[in-house]
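Notes for the one structure printed next.
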Amino acid sequence: MLEIEIDGKKLTVPQGSTVIEAAHSIGTYIPHFCYHKKLSIAANCRMCLVEVEKAPKPLPACATPVTDGMKVHTNSDMARNAQKGVMEFLLINHPLDCPICDQGGECQLQDLAVGYGNSASRYQEEKRVVVGKDMGPLISAAEMTRCIHCTRCVRFTEEIGGFQEIGMANRGEFSEILPFLGKTVNSEISGNVIDLCPVGALTSKPFRYSARPWELSRRKSVSPHDGLGSNLIVQVRTGQVMRVLPLENEAINECWLSDRDRFSYEGLNSEERLRVPMIKHGGVWHETDWQTALEYVVKGLNGVSADHGKDAIGVLASPYSTLEELYLVQKLARAFGVNNIDHRLRRSDFRGDEAQQGVQWLGSTILELVSAKSVLLVGSTQRKEQPLLAARLRQAVKKGTELNVLHYAADELLTRVNAGIVLPPQAWVAALGGVLKAVLGLKEGSTTTLDVSAIDVSEDAARIAASLVNAESAAIVLGNVAQHHPDFSQLLMLAQEIGRLTGARFGLTTEAGNSVGAELAGALPKRGPLGTTVTAGLNAREMLASPRKAYVLLNTEVEFDSYDSQQAVAAMKAAETVIALSAYKGQGLLDYADVLLPIAPFTETAGTFVSMEGRVQSFNGVVRPLGEARPAWKVLRVLGNMLGLSGFAYDSVEEIRGECLKAGTDVSANLSNTLSSMPVDFSVAATAGLIRAGEVPMYHADAICRRSPPLQLTAEAAAPRAYVHGSVLQQLGLEEGAAVVAVQGDSQVTLPVAVDNRLAAGVVRLACAHPTTVALGGLFDRIELKRGA
Amino acid sequence: MAVFVKGVIFDGVDTTQPDCWRLAAYEARGGYQALRSILQAQMPQEDVIAEVKNSGLRGRGGAGFPTGLKWSFMPRSFPGDKYVVCNTDEGEPGTFKDRDILRYNPHALIEGMIIAGYAMGTRVGYNYIHGEIFAEYELFEAALDEARAAGYLGENILGTGFSFDLFAHHGYGAYICGEETALLESLEGKKGQPRFKPPFPASFGLYGKPTTINNTESFASVPFIIRDGAQKFLEAGKPNNGGTKLFSVSGHVNRPGNYEIPLGTPFSALLEMAGGMKDGSRLKAVIPGGSSAPVLPGEVMMDLTMDYDSISKAGSMLGSGAVIVMNDQVCMVKALERLAYFYHEESCGQCTPCREGTGWLYRVIHRIENGQGRPEDLDLLNSVGNNMAGRTICALADAAVFPVRSFTKHFRDEFEYHIEHRKCLVEHKWC
Amino acid sequence: MLTAESLALIDREVAKYPADQARSAVMSALRIALEERRQTGTVPEERCLTTEVIEFVANYLGIPPVAAYEVATFYNMYDMKPVGKYKITVCTNLPCALRGGVDTANYISRKLGIGLGETTPDGKFTLLEGECMGACGDAPVLLLNNHSMCSFMTPEAIDKKLAELE
Ligand SMILES: Cc1cc2nc3c(=O)[nH]c(=O)nc-3n(C[C@H](O)[C@H](O)[C@H](O)COP(=O)(O)O)c2cc1C
Ligand code: SF4
Ligand code: FES
């Protein structure tokens, strides 16, 4: 520890601290622009100059290491003089038109200029003008004259984003911040540069000029878009969400947001929002009132149950719904006598349901995961599934974590990969078995009940095993792709075995903001709330494979959210009635539903999300529901009452939450990835033909982001192509860009083919959840490519 | 047109001979004997460094830091990679000595760097060469090939088990890369933007590894020091200012060129060697150490000797030894305007005071020169300068301010005349 | 995009640096790429660096394109704008100016009928003003096509030089 005195205050700080860190630790503010606690130190703005006793010149607090006995003055004549001098330089070429600047009111330069600037400028020469740049649909760089060259944005893309997409070109006064010419900034976390920019140079393109900061109220919320549970500040004006910013939470999202978290809100104001209840009569939609719509629903449910029995009804709920909504929907169904309930719409393997002992989750906290010395990620597109977690793992790798991967593509993770196995999905069980076998070899005296004798251990499997065995802490994580994989339960079983032998924690990076909450709430066919025993019903797959007569859809568009969209749509169309509680009237719903009940998205209702690490985060609505839309919990409450069910007399969402979580009990006691013993089949299915790798595109993952116009303008959201390895393209005798017909069973679509040599041969990477591919079948099923017309 | 008087680096070099740079010619002058003697005697590293220390050699790149002392900062027992780097990014206006070392005696530099590598336990060196001297870069590469072929470079040098290799890196037009940490950044393939120090290159240098950087002339002096002894080198100059030094004399003299003379030689003698004032014109001002050094009036200069201490006492710097001589036909406003333009052009752009200040200074001086000066401008210039100097990552901002301060101080009447009369006090002619 | 010869030259440069530091060769690689374009280009637009070439070089060395672009624009000898067959850069810095640097630039300017920073309409000559080239003793000096230093450029020497350039 070192002793330091700042403005007469004595304190001790750890070795290696800088003066600015020391000052901030006691609440002494030192003005700064380029310094940012999450970025490397540039020391270029010179705003943080302070006086250090015995130093002849003022020193930058951000870059000056504390030495023992150092005496610092942040406010002496020397310091003030230096700071004022720098401020003058910053302003000479800066437009002084704050009233028309988009950053006005939340500009660090503006704030500091008040304290450190002069009233009149001594600079009488012509001011510099810098032409605007195009950084794509999310970030506006139209006013680069405002840039003060702090290089925070440059350092962010390089250090946190993992790839330098923004640079400072030219030299001296002619320096300009820009993306590579003709390219936009494509990082999945690019929007953070907007927050980082201390002036109005980089601003939010969608938000630009739509409101002034002081007109906005700030409300806390939680992101539904992935399993991380990022904390949000939602800024609203006159009942409308105007902007989303990060709420700093070091344990979760730090001070960042993914672009999906940040820009999805634009989908909240979509034209496709469902504003009033609607009923389809003779194929024609009619707007109606709540009473009529709900009566219609009651009649429909009673009718189907009378005609075909309760088992003819299925409930499909999305894990993007709140804990309270999911709890109520399963309660309503079960009270009504329907046991077919599931939220795992994109899953294909339910063999583990019987063996499952608790709520599946990450298996550790996020902080524990990123401080593990070795991590094995199985079946994850990482940067697209969990963009901020991927960024955080990237930082972990810099600090020495070994990142290992099993996937069907050697995707660019923008970080160092210790060992990677790239194989088609059907070979993963054997591949993970190889890791298990290698672990057995490394751990003397260890045994397993699984029969691994016939497995070959590849070099990479051996390296992964060594990495897991040698690390003092390790984790095995199954990503979204693994969770959709037809052998999910087998992969999980193997992760458990490897974890048992190596001491590695194992778990899932859950897909949606409330996937864990959905399990806790009992939106499952074989487990009730908090794991209570229930009469078993059909799972999501079964409900669609053997169609029901009626479906209740909570917050889902099955054509985008299912494992097999073609099958899902067929089931909907065959049903007598489809009742959809939805915030949107998407084309699919309009086609196959019979009644549409407008419900509030997360910004318009109170509720709870439980993140992948089991963190229970409740939030309030930040604006009133749009039009006639109502929070789903209220709709379900009324429906329960109208169906004559007891126990639906709730006054508040807190009541429901309390009932669901048995107020006061420790949620974490319910979290467990452990499966009771299950056999594992290591034989690799014959690989003639191609297998589809049906990924969920980042900006089509949920109903809100699908409808965010700025996100839909990104390169990432472009219409899917069928990606194959170059060798596959050659075998098929096709050329890049050619139109191909992709065939799965009876269904087919035509789209361009493209080469991605990072893919394993034998797979066709073909996204789901996109209008152009909903006619296709299972995400990891056989697929055929033929030359198109 | 280099002219060499008796000295250390150019002793015996006949620059009229096109082959004077070649290995054979160098060896004939006693080249590589210092290296041989060290390697054959397996001279302890600290003894080599002590010898350099004792020679009183001070860095010839501008700052005059004792070379032996700098070498002793290198963590000699550090296990990983370490580097020695030579700074031939000679871009300081008025300086043109290192180019002549490459042209006429590159092996002295190569030998000096190998010895440095030996003394500091490094296996690899780089020479960063100024962008505008491509022919010299190619010639230096040819000299490296000769040295490699002769077994002076590469694995197991002269069969002694010591290995060292040396490569040339060509710059491409950025004065700032002469600053040692900008040079390292550039060598790493980035923009030449100086790094904040600490950490210093001795602990965090090229690729983050311990690194020692010296000027071309500093390295090229080392073989002499080892071969002929520290004492002899020291005695060639004067105490605290050991050795001879190359002075690049430019401007209004009859014979511009490089003069390698003992430190402590009177300026008047140097001026005479350079053929005296051009066409007998009157000496008005001298910048004694490259454009970044404060200008001194001619009459002050005539009383000084050419060494670190004497020039610094007079309020300027010996710097890189670039002596820019100006006669009375030069308008000092015009001269300063050109220098201010240079620093404005060459600021790397990262520090606010330098990026914004160099442009501001230039524009105000430009205005004065063009008859639009205002009475408050001289105070403004000094105030802006005060807000720049000492407040940036590297010394370029200071370098930009020194000329402004010294020109407006020593030749204030010319500036005031300009502002008041909107024209030159002198009948300005560049040459 | 670049010839095999150019790539071989770049490989030679890459070999000077540690195996994981190919980035160090970006300056040489850009220089080599520019030199190829200068020699093969037939009009000014073909003699300078383009974003395509910069991107190619960046990918060849495995560095972000914007990082290569930063380098190409930071160092002023890389031609980022169309340039004549003969690029003449005259040093006008103070030491050279004291010995005719400015006069030389003016002389060439008058002779070619173009101002500083301009290219003759036939695309043959571009005239630029340069900073200190480290050759002040040889003033006036100019740099021809980046790599050839011409010393003592009196009006007669200039006449002779320009006459030589085809
Ligand atoms: C703006 C600036 C430009 C410099 N240019 C050069 C240069 O061209 N050549 C040089 O040797 N040193 C130059 N230096 C000094 C170097 O930073 C460094 O001190 C020197 O190379 C060390 O070598 P020495 O100790 O042998 O002098 C410059 C410094 C600054 C601040
Ligand atoms: S002082 Fe100027 S040249 Fe030096 S680092 Fe700062 S901006 Fe760059
Ligand atoms: S915050 Fe220290 S220099 Fe910018």
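Only a single item in (1) within 12 Å of ligand 1 (Cβ to nearest atom); (2) within 14 Å of chain C (Cβ to nearest Cβ); (3) over 18 Å from B:Leu109 (Cβ atoms) is not met by B:Thr216, and it is number (3).
Scanning segment B:68-109 for residues that are of a type in the set (A, V, I, L, M, F, W, C), in a loop (DSSP other than H, G, I, E, B) and either within 12 Å of chain C (Cβ to nearest Cβ) or touching a Leu at 6+ places or on another chain (Cβ under 7 Å) (or both) gives a single hit, B:Phe96.
Would you check if A:Asn93 is open to solvent by 10 Å² or more (accessible area, probe 1.4 Å) and within 16 Å of ligand 2 (Cβ to nearest atom)?
Details: open to solvent by 10 Å² or more (accessible area, probe 1.4 Å): no; within 16 Å of ligand 2 (Cβ to nearest atom): yes.
No: the conditions fail for A:Asn93.
The set of residues in segment B:321-376 that are more than 16 Å from ligand 1 (Cβ to nearest atom) and of a type in the set (S, T, N, Q) comprises B:Asn327, B:Gln329, B:Thr352, B:Asn370, B:Gln372.
In this structure, does A:Ser221 turn out to be under 19 Å from the mean Cα position of the chain (by Cα), open to solvent by less than 10 Å² (accessible area, probe 1.4 Å), in contact (Cβ under 8 Å) with a residue 60 or more places away in the chain and over 27 Å from A:Asn620 (Cα atoms)?
no
Among the residues in segment C:34-56, are any of a type in the set (Ser, Thr, Tyr) and assigned to a loop (DSSP other than H, G, I, E, B)? Scanning segment C:34-56 turns up at least one residue that is of a type in the set (Ser, Thr, Tyr) and assigned to a loop (DSSP other than H, G, I, E, B).
From A:Ala23, A:Ala79, A:Ala43, which residue is out of contact with any helix residue (DSSP H, G or I) (no Cβ under 8 Å at 6 or more places or on another chain), open to solvent by less than 10 Å² (accessible area, probe 1.4 Å), on the phi > 0 side of the Ramachandran plot and within 16 Å of ligand 3 (Cβ to nearest atom)?
A:Ala43
Among the residues of segment A:46-73, those identified as within 14 Å of another protein chain (Cβ to nearest Cβ), out of contact with any helix residue (DSSP H, G or I) (no Cβ under 6 Å at 6 or more places or on another chain) and more than 16 Å from ligand 2 (Cβ to nearest atom) are A:Val52, A:Ala55, A:Pro56, A:Pro65, A:Thr67, A:Met70.
Only one entry of A:Leu316, A:Leu332, A:Leu377 meets the criterion of being closer than 20 Å to A:Leu596 by Cβ and outside any helix (DSSP H, G or I), and that entry is A:Leu316. Condition first: within 8 Å of chain B (Cβ to nearest Cβ), open to solvent by 30 Å² or more (accessible area, probe 1.4 Å) and either over 25 Å from B:Ala340 (Cβ atoms) or modelled with pLDDT under 95 (or both). Can you find one or more residues in segment C:132-148 that meet it? The answer is yes; a qualifying residue exists. Does A:Thr67 fit the bill of being β-branched (Val, Ile, Thr), in contact (Cβ under 8 Å) with a residue 24 or more places away in the chain and exposed (fewer than 15 other Cβ atoms within 10 Å of the Cβ)? Criteria met by A:Thr67. The strands (runs of 3 or more DSSP E) found entirely in segment A:170-248 that carry 2 or more residues being away from chain B (no Cβ under 14 Å) and at negative phi are A:217-222, A:231-237, A:240-246. Here B:Phe415 fits the description: part of a helix (DSSP H, G or I) and either within 16 Å of ligand 3 (Cβ to nearest atom) or over 29 Å from A:Thr151 (Cα atoms) (or both).
Yes/no matrix, rows are residues, columns are (1) open to solvent by less than 10 Å² (accessible area, probe 1.4 Å); (2) small (Gly, Ala, Ser); (3) at pLDDT 95 or above:
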position: B:Glu46; (1), (2), (3): no, no, yes
position: B:Glu111; (1), (2), (3): yes, no, yes
position: B:Tyr137; (1), (2), (3): yes, no, yes
position: B:Ala147; (1), (2), (3): yes, yes, yes
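Only one residue in A:Phe156, A:Phe163 is at negative phi, touching a helix residue (DSSP H, G or I) at 6+ places or on another chain (Cβ under 9 Å) and in a helix (DSSP H, G or I). Which one?
Just one listed residue meets the conditions, A:Phe156.
Contact map, segment C:43-63: residues that are open to solvent by 70 Å² or more (accessible area, probe 1.4 Å) paired with residues that are of a type in the set (D, E, K, R), Cβ distance under 8 Å, separation 6+ or inter-chain. Pairs shown: C:Glu46/C:Arg37.
Only one of the numbered conditions (1) open to solvent by 10 Å² or more (accessible area, probe 1.4 Å); (2) more than 8 Å from every other protein chain (Cβ to nearest Cβ); (3) more than 16 Å from the chain's Cα centre (by Cα) is violated by C:Ala68, and that is (1).
Within segment A:504-513, identify whether any single residue is among the basic types (Lys, Arg), part of a strand (DSSP E or B) and surrounded by fewer than 22 Cβ atoms within 10 Å (Cβ to Cβ), and answer yes or no.
Yes, because at least one residue in segment A:504-513 is among the basic types (Lys, Arg), part of a strand (DSSP E or B) and surrounded by fewer than 22 Cβ atoms within 10 Å (Cβ to Cβ).
Those helices (runs of 4 or more DSSP H) of segment A:689-789 in which at least 2 residues are touching a residue at least 12 places away in the same chain (Cβ under 8 Å) and under 18 Å from A:Ala410 (Cβ atoms), considering only elements entirely within it, cover A:726-732. Note on segment B:294-326: among residues that are touching a His at 6+ places or on another chain (Cβ under 8 Å) and within 14 Å of chain C (Cβ to nearest Cβ), the one that is farthest from B:Gly61 (Cα to Cα) is B:Met326. Would you say A:Gln103 is surrounded by 18 or more Cβ atoms within 10 Å (Cβ to Cβ), under 21 Å from A:Pro246 (Cβ atoms) and not hydrophobic (A, V, I, L, M, F, W, C)? Yes, satisfied. Taken over segment B:344-400, the criterion of being buried (at least 24 other Cβ atoms within 10 Å of the Cβ), without any contact (Cβ under 8 Å) to a residue 12 or more places away in the chain and either away from every other protein chain (no Cβ under 11 Å) or among the acidic types (Asp, Glu) (or both) is satisfied by B:Glu356 alone. Here B:Arg76 fulfils each of the conditions (1) open to solvent by less than 10 Å² (accessible area, probe 1.4 Å); (2) in contact with a Gly (Cβ under 6 Å, 6 or more places away or on another chain); (3) modelled with pLDDT under 95 apart from (1).
Every residue, every condition in (1) out of contact with any Pro (no Cβ under 8 Å at 6 or more places or on another chain); (2) open to solvent by 10 Å² or more (accessible area, probe 1.4 Å), yes or no:
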| residue | (1), (2) |
| --- | --- |
| A:Glu176 | yes, yes |
| A:Ser190 | yes, no |
| A:Val193 | yes, no |
| A:Val199 | yes, no |
| A:Leu202 | yes, no |
| A:Lys205 | no, yes |
| A:Arg212 | yes, yes |
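The values are calculated or read from the model by the stated rules, or taken from the named source; none is laboratory data. Quick caveat: nothing in here was measured; it's all calculated off a predicted structure. Using ideal geometry, Cβ is built from the backbone for each residue, glycine included, and neighbour counts are taken over all protein chains shown. Heads up: the accessible areas ignore ligands, DNA and RNA and are worked out on the full protein's heavy atoms, side chains in. Shrake-Rupley method; radii C 1.70, N 1.55, O 1.52, S 1.80 Å.
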